[in-house]
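Step one of this worksheet: look at the structure below.
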Amino acid sequence: MITISLCMIVKNEEAVLARCLETVNTLVNEIIVVDTGSEDRTREIAREYGAKVYEFAWRDDFAAARNEAFSKASMDYCMWLDADDVITTENQQKLAELKEHLDKDTDMVMMKYETSRDAAGNPLFSYERERLIRNGRGFRWEGRVHEAIVPSGKILHSDIAVTHCKIGPGDGDRNLRIYERMIQEGEVLSGRSLFYYGRELQAHKRYGDAIEALESFLGGEGWAENKIEACLNLAECYRATGQAEEAARALLGSFLYGSPRGEACFELGQHFQAKKQWRQAVFWYEAALGLKPEAENGGFIRWDYYGYLPEINLCVCYDRLGDRQKAYFYHQRSKRNRPEAEEVLWNEKYFQDMGMDEPKWQMDI
């Protein structure tokens, strides 16, 4: 059986740290907590769980802090979590099994990171992260913001998920502030940093600057999954500035970097639906439904873009085309996925008023 060092960096996390550690403390062999300047009970809570607590002067560099935490680890593998992450009971069991049976020559275990869920607990947004890293093999975190370890060596793609359960807004300006300080200091942003800088600009509604950064990233070197995501981000920026045709071109551009993704197909459906070009919209929505998320590629996945959202919009499009049978079919499918959604309940009444809830209208979904 392998041994695991849980390595965390924290600051003022007294509201969530115990919740996190409760879900993982029995699965790891030591807990390393690097504190970057807490002024609350964070350090005391960590020690209550047997953590070895170290202080580290914050210098706007997440990679440096994570490397410091990893440097203190003494077990076979390092695992990282943020304080507002949790591991559900189901995934605790999977992690326990992995710990029991993992080949010790595995360098890295990838796990899903679920950052958004619906009311029923189904993931809405997720991506794959390097979560369990073999100790003593020279792996290093890179990037002052949105830090990462470049996956290499013998990699296992697992179905274990870590769930992000953020409480409160946090410092929404921090990442952008760090990037702009890097630029002011004359640092040339790497492709990955330029991508995330563009996303931060987009989040702050600085769409013109975001377009410039994302276009620059697409014109240089970068990971294919980031290129695909950058096209989606670029499309959103163009839409926000009233450039619908440029948005559509950006979405189509995503096909240059990999197989079509449900996210791009759905957004193209939205483009044509807004123009009341129902048949074109239907084509793209049905294309989205016909695709499967490519989870092992590591990119961002918006799960509803492969199911509920195309379904609810196909109901509308087929209704506008006068094909009530198909419209009702997609209503049934969307109802299966989100029975309590406001738009589903509205559609249910709409079809009931037309008498389409009778058995003769039922179709195999």
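The values are calculated or read from the model by the stated rules, or taken from the named source; none is laboratory data. Predicted, not measured: the structure shown is a model, and the values here were computed from it. Counting neighbours? That spans all protein chains shown, and the Cβs are built from the backbone with ideal geometry, glycine included. Ligands, DNA and RNA are stripped out before the accessible areas are found, and what is left, the full protein with its side chains, is counted by its heavy atoms. Shrake-Rupley method; radii C 1.70, N 1.55, O 1.52, S 1.80 Å.
Observations on the model:
- Pairs with Cβ under 6 Å, 6+ apart, first in segment 51-63 and of a type in the set (Phe, Trp, Tyr), second open to solvent by less than 80 Å² (accessible area, probe 1.4 Å) and part of a strand (DSSP E or B): 54/34; 56/34
- Residue within segment 274-291 that is in a helix (DSSP H, G or I), open to solvent by 70 Å² or more (accessible area, probe 1.4 Å) and either aliphatic (A, V, I, L, M) or under 23 Å from residue 218 (Cβ atoms) (or both) present: yes
- The number of residues in segment 296-355 being closer than 30 Å to residue 222 by Cα, open to solvent by 30 Å² or more (accessible area, probe 1.4 Å) and modelled with pLDDT under 95 comes to 2.
- Cβ-Cβ distances below 7 Å connect the following pairs, each with a first residue in segment 18-42 that is over 25 Å from residue 60 (Cα atoms) and in contact (Cβ under 8 Å) with a residue 40 or more places away in the chain, a second residue that is among the small types (Gly, Ala, Ser) and surrounded by fewer than 22 Cβ atoms within 10 Å (Cβ to Cβ), and a separation of six or more residues or different chains: 27/96; 30/74.
- In segment 47-62 there is no residue that is within 30 Å of residue 179 (Cα to Cα), small (Gly, Ala, Ser), part of a helix (DSSP H, G or I) and open to solvent by 50 Å² or more (accessible area, probe 1.4 Å).
- Selection within segment 101-127 - assigned to a strand (DSSP E or B), of a type in the set (Ser, Thr, Tyr) and farther than 18 Å from residue 90 by Cα: 127
- Which numbered condition residue 246 fails, given (1) over 30 Å from residue 169 (Cβ atoms); (2) part of a helix (DSSP H, G or I); (3) in contact with a Gly (Cβ under 9 Å, 6 or more places away or on another chain): (3)
- Test: residue in segment 65-73 that is loosely packed, with under 15 Cβ neighbours inside 10 Å, under 30 Å from residue 180 (Cα atoms) and not hydrophobic (A, V, I, L, M, F, W, C): yes
- Of all residues in segment 88-122, those that are open to solvent by 40 Å² or more (accessible area, probe 1.4 Å) and within 20 Å of residue 299 (Cα to Cα) total 5.
- Selection of first residues in segment 191-206 that are closer than 13 Å to residue 233 by Cβ and open to solvent by 30 Å² or more (accessible area, probe 1.4 Å) and of second residues that are among the polar types (S, T, N, Q) and part of a helix (DSSP H, G or I), restricted to Cβ pairs under 7 Å at least 6 apart or on distinct chains, gives the following pairs, ordered by first then second residue: 194/216; 199/233.
- Residues of segment 123-146 satisfying the condition of being among the polar types (S, T, N, Q) and open to solvent by 20 Å² or more (accessible area, probe 1.4 Å): 135
- Residue in segment 2-11 that is open to solvent by 10 Å² or more (accessible area, probe 1.4 Å), assigned to a strand (DSSP E or B) and closer than 22 Å to residue 89 by Cα present: no
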